[in-house]
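Scroll down for the structure; my scribbles are underneath it.
The values are calculated or read from the model by the stated rules, or taken from the named source; none is laboratory data. This is a predicted model, so every value here is computed, not measured. Every residue, glycine as well, gets a Cβ built from its backbone with ideal geometry; the counts of neighbours run over all protein chains shown.
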Amino acid sequence: MKTVHKSKGEEYPVVLVHRGSREGESDDTISHLLTPKEIGDQEERRVTYVGLSRAEDRLYICVEKLSENKEAQLEDLGLVVQRLDESPGHD
């Protein structure tokens, strides 16, 4: 694991980004993808950008919860969504 500053300019063939959500809130990474120009914590958005911009070939984003609405929005952006846990009652 590296800090934002130590990863400056570095790229990797495959990158996995996982940032847990706070209790009762949606995942910040997904929110930053869907509403990139929203005003909010700029440092959090910068961290998200750095994590997402390091992949040369494949980028995987792991989230704890994903509503069907947000899933559709991500697919509209051309992203492939794959649920690993298909248990009933997912958000």
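Give the residues of the stretch 28-65 that are touching a Lys or Arg at 6+ places or on another chain (Cβ under 9 Å), assigned to a loop (DSSP other than H, G, I, E, B) and either closer than 14 Å to VAL17 by Cβ or polar (S, T, N, Q) (or both), sorted by residue number.
Hit for the stretch 28-65 is VAL63, nothing else.
Pick from the stretch 16-45 the residues that are aliphatic (A, V, I, L, M) and within 11 Å of the chain's Cα centre (by Cα): which of them is modelled with the highest pLDDT?
Only one residue tops the list, namely LEU16.
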